[in-house]
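Let me begin by presenting the structure, written as structure tokens, before commenting on it.
Every number in this text was worked out from the coordinates using simple rules, so none of it is lab data. Source: prediction; values computed, not measured. As a convention, Cβ positions derive from the backbone with ideal geometry for all residues, glycine included, and neighbour counts pool all protein chains shown.
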Amino acid sequence: MSTPLVRLEGISRVYNLGRNEVHALRGVDLKIETGEMVAVMGASGSGKSTLMNVIGCLDSPTSGEYFLDGVRVNDLGNDELADLRNQKLGFVFQGFNLLPRTSALDNVELPLLYDRAGRFADSKGLAAKALARVGLADRFDHLTNELSGGQQQRVAIARALVTQPRLLLADEPTGNLDSRTSIDIMSLFQELNDQGITIVMVTHEPDIARYVRRRVEMKDGRVIRDEPVAGRRRAADDLAMLSLERAS
């Protein structure tokens, strides 16, 4: 059997707030295989954001073991974690987190400049390819504040892809977008997933979760449901249907 890309065993995360303890995660077991597309869902306070932060090596578990691509994350120091994030993970955020008044190309190139392994010789060329991959070949020189919300999120996705990560993590990637643009972004995610990219996203929107392959639901720091998505929808088909409705 192949090694899971993500393997969590008994993961707990406790925050000490004065005299109070907040148990954000309570003994979470989770495996994600290469090539999956997973939505993590749950109400506010369910633990889904903490889980995403642990998977993204942005937060450390209080107890339990975490393996990313076969590497035991618990054993790593800060510099090793930074290298792991740069080499294995790509991040997409609800608020895009782009540098304003800076070109799309420069925004996408930024993660390559922090690579200490020397893997990327032609950073601008790789950034241009990443933008072309998300359909923005004609927007290289545009400033981010000149782009629409959907285009800005595509720039953010290109930035996440440019280091050729093993795992793409998306935190409410459609949260700031209108309905049609959200479906457009999910169409891009499905296309990338069909190409073999593993995607894990946090979302509170059931309509968005229809486009993933697997849904993990959390409550009170625990996984209460983990199942494949029945009747998974193709975002490209839904976009085509919307276009027909507008034309009629």
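Please figure out what share of the DSSP beta bridges in the chain is antiparallel and state it in percent, rounded to the nearest 5.
Antiparallel: roughly 55 percent of the beta bridges in the chain.
Report, please, the projected area of the chain averaged over directions, based on the convex hull of its C-alpha atoms, in nm².
Projected area, direction-averaged: 15.0 nm².
Quick one: compute the contact order of the chain, relative version, from alpha carbon pairs under 8 angstrom and 6+ residues apart, as a percent.
26
Working only with C-alpha atoms, what are the Rg and Dmax values of the range 16-65, expressed in angstrom?
Over the range 16-65's Cα set, Rg and Dmax evaluate to 12.4, 43 Å.
Compute the distance from the alpha-carbon center of the range 160-174 to that of the range 26-79, in whole Å.
What the calculation gives is 15 Å, centre to centre.
In the chain, what is the count of Lys pairs whose alpha carbons are under 22 Å apart, counting only pairs at least 8 residues apart or on separate chains?
For the chain, the number of qualifying lysine pairs is 7.
So between ASN176 and ALA82, what do we pick up on full extension, going 0.36 nm a residue minus the alpha carbon distance?
Going from the current span to full extension adds 31.1 nm.
Spelling out what I want: for every residue of the range 31-47, take phi, set θ = phi - 60°, compute 6.51 cos²θ - 1.76 cosθ + 1.60 (Karplus), and round to whole Hz; glycine and proline get x.
Once θ is set to phi - 60°, the couplings for the range 31-47 become 10, 10, 8, 4, x, 7, 9, 10, 9, 9, 10, x, 5, 4, x, 6, x Hz.
What spacing in nm lies between the two simple spin-label points modelled at ARG166 and ARG225, each 7 Å away from Cα in the Cβ direction?
Calculated label separation equals 3.1 nm.
For the residues ARG101, ARG159, ARG85, what sequence is obtained by ranking on other C-beta atoms within 10 Å, fewest first?
Listed from fewest to most nearby Cβ atoms, that is ARG101, ARG85, ARG159.
Looking at the chain, do any whole DSSP H helices span at least 24 angstrom along their long axis by alpha carbon and average -1.0 or above on Kyte-Doolittle, and which?
none
Rounded, prolate or oblate: which one fits the range 23-170, using the alpha carbon gyration tensor with axes a ≥ b ≥ c (rounded when a/c is under 1.5, else prolate when a/b beats b/c, else oblate)?
Here the range 23-170 falls in the prolate category.
With only Lys, Arg, Asp and Glu charged, each at its Cβ (+1 for the first two, -1 for the last two), find how big the charge dipole of the chain is about the Cα centre; round to the nearest 20 debye.
Here the chain has a charge dipole of around 200 debye.
From Cα pairs below 8 angstrom and at least 6 apart in sequence, can you work out the relative contact order of the range 59-129, rounded to a whole percent?
RCO, the range 59-129: 23 percent.
Gaussian network model of the chain, Cα springs within a sub-10 Å range: biggest mean-square fluctuation belongs to which of ASP238, ASP79, ASP141?
Top of the fluctuation ranking is ASP79.
Positive end of the charge dipole of the chain (Lys, Arg +1 and Asp, Glu -1 on Cβ, about the Cα centre): tell me which of LEU105, GLY18, ALA230 has its Cα farthest that way.
Result: ALA230, furthest along the dipole toward the positive end.
Take the Cβ-Cβ distance between GLU21 and ASP194 as r, set R0 to 51 Å, and report the resulting FRET efficiency rounded to the nearest 0.05.
Computed FRET efficiency for GLU21 and ASP194 comes out at 0.75.
Magnitude of the Cβ-charge dipole of the range 198-248, K/R +1 and D/E -1, about the Cα centre, nearest 20 debye?
180
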